[in-house]
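Colleague: Take a look at the following structure, please.
The values are calculated or read from the model by the stated rules, or taken from the named source; none is laboratory data. Remember, it's a predicted structure, so these values are computed and weren't measured experimentally. Positions of Cβ are generated from backbone atoms using ideal geometry, with glycine treated the same way; all protein chains shown enter the neighbour counts. We work out accessible area using only protein heavy atoms, side chains counted, and drop any ligands, DNA or RNA first. Shrake-Rupley method; radii C 1.70, N 1.55, O 1.52, S 1.80 Å.
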Amino acid sequence: MSASHPSVNAGAAALVTALVERREALRVAVTTGAAGEHLIDLGAAVQGGTEAGRRLAEICMGGLGRVAIASDPTLARWPFSLTVATSQPVIACLASQYAGWHLGHGEGETSYFAMGSGPARALAAQEAIYKDLGYGDQSGEAVLVLETDRPPPPDLVRRIAEDCAVAPERLTILYAPTQSLAGTVQIVARVVEVALHKAHALEFPLERIVEGLGAAPLPPPHPDFITAMGRTNDAVIYGGRVQLCVTGPADDARHLAEQLSSRNSKDYGTPFGDIFRAYNGDFYKIDPMLFSPAEVMVVALETGECFRGGGIDPALVDKSFG
């Protein structure tokens, strides 16, 4: 790996080590699975917490992003927000953080399915997006993040390890459900990632996106899955703000800013949980252009011009968060 293409798995492994050393203080559980893999529960059978979620988000970005939680006066009723910053936005967000790896095993009541995110994706490189990214990782350690309440079964773990070209003993799987404190944080920490993913869908040249900053309100967790999923999505869709710094013509930056916000979606204007129910729980019927920040600023580095699009919607955030 060159200096401009760091290993996301190596970066994440160092953060995993630091998390394990603080496992009691962070209220996480570290065990060994049946296939020999390392399992870290951050919110399923344990309490976990916001700090565990903050660390999980940085692990998910392969150590190439910084995540912080602080007070924020933007939304009067929701005084705390999460901020994300990365100087390797394409690798951190799309090559690592994005939940794009379909992981399934079995059928019927005993079946298992989860969307894999995190650095291990870049070792397996099974998704079409890697052809566009031109990035592949090389590491003897694999780190996988799952938004779920249980780890994968042993046969699936072995397949994941094989796809990553590592022994199961060199695979670490971190997981937390959407409803948990840690799960809430790591999902909202995708505020920059959704902007990068939409920029890719809009066919903006990814190599020209050189810096990413984002912020979103931190919603209260909820024990109901759909409500919790709705709140974490609404935090980004109606309360998220992102700044991207890009190279190239200023007109391209202007055009990206005009298209990038969630307000360009036909499904904009309703809390995500209601949208999900309206489509009978079929995630793939939702307009994919909805998954983007509420407000964007694109900075054209060659000219210093700043272009804006969208805007946060406090009323919809209030309606979603309760």
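Colleague: Filter the stretch 148-164 for residues that are touching a Leu at 6+ places or on another chain (Cβ under 8 Å) and not in a loop (DSSP other than H, G, I, E, B) and give the result.
Modeller: In the first step, residues of the stretch 148-164 are kept if they are touching a Leu at 6+ places or on another chain (Cβ under 8 Å); the result is 151-152, 156-157, 160-161, 163-164.
Within the stretch 148-164, 156, 157, 160, 161, 163 qualify.
Colleague: Identify all residues within the stretch 18-42 that are on the phi < 0 side of the Ramachandran plot, touching an Asp or Glu at 6+ places or on another chain (Cβ under 8 Å), assigned to a loop (DSSP other than H, G, I, E, B) and not aliphatic (A, V, I, L, M); write none if there are none.
Modeller: 37, the sole residue that qualifies.
Colleague: Additional query: If a residue counts only when it is closer than 30 Å to residue 179 by Cβ and modelled with pLDDT under 95, which helices (runs of 4 or more DSSP H) contained entirely in the stretch 190-309 have at least 3 such residues? Spell out the reasoning first.
Modeller: Details: elements: 191-201, 225-237, 250-260, 272-278.
Output list is empty.
Colleague: Further, regarding this structure: Pairs only if they're at least six apart or on different chains, beta carbon under 7 angstrom, first in the stretch 301-313 and under 29 Å from residue 75 (Cβ atoms), second open to solvent by 80 Å² or more (accessible area, probe 1.4 Å) and of a type outside the set (A, V, I, L, M, F, W, C); list them, first residue then second.
Modeller: Close Cβ pairs satisfying both conditions: 307/254; 309/258; 310/263.
Colleague: State which residue is most open to solvent (accessible area, probe 1.4 Å) when the search covers only the stretch 76-131 and only residues that are of a type in the set (Phe, Trp, Tyr) and free of Cβ contacts under 8 Å to residues at least 60 places away in the same chain.
Modeller: Out of the qualifying residues, it is 113.
Colleague: Any residue at all in the stretch 149-166 that is open to solvent by 20 Å² or more (accessible area, probe 1.4 Å), closer than 28 Å to residue 81 by Cβ and touching a residue at least 40 places away in the same chain (Cβ under 8 Å)?
Modeller: Looking through the stretch 149-166, at least one residue is open to solvent by 20 Å² or more (accessible area, probe 1.4 Å), closer than 28 Å to residue 81 by Cβ and touching a residue at least 40 places away in the same chain (Cβ under 8 Å).
Colleague: May I ask you to verify whether residue 180 is among the hydroxyl-bearing types (Ser, Thr, Tyr), more than 30 Å from residue 70 (Cβ to Cβ), out of contact with any Cys (no Cβ under 7 Å at 6 or more places or on another chain) and at pLDDT 95 or above?
Modeller: Here the answer is no, as residue 180 does not meet what is asked.
Colleague: Assuming residue 263 fulfils every condition listed in (1) farther than 17 Å from residue 231 by Cβ; (2) out of contact with any Gly (no Cβ under 8 Å at 6 or more places or on another chain) apart from one, which condition is it?
Modeller: (2)
Colleague: I would also like to ask the following. Which residue is farthest from the chain's Cα centre (by Cα), if the candidates are limited to the stretch 228-245 and must be over 20 Å from residue 285 (Cα atoms), of a type in the set (A, V, I, L, M, F, W, C) and crowded, with 24+ Cβ neighbours inside 10 Å?
Modeller: 244
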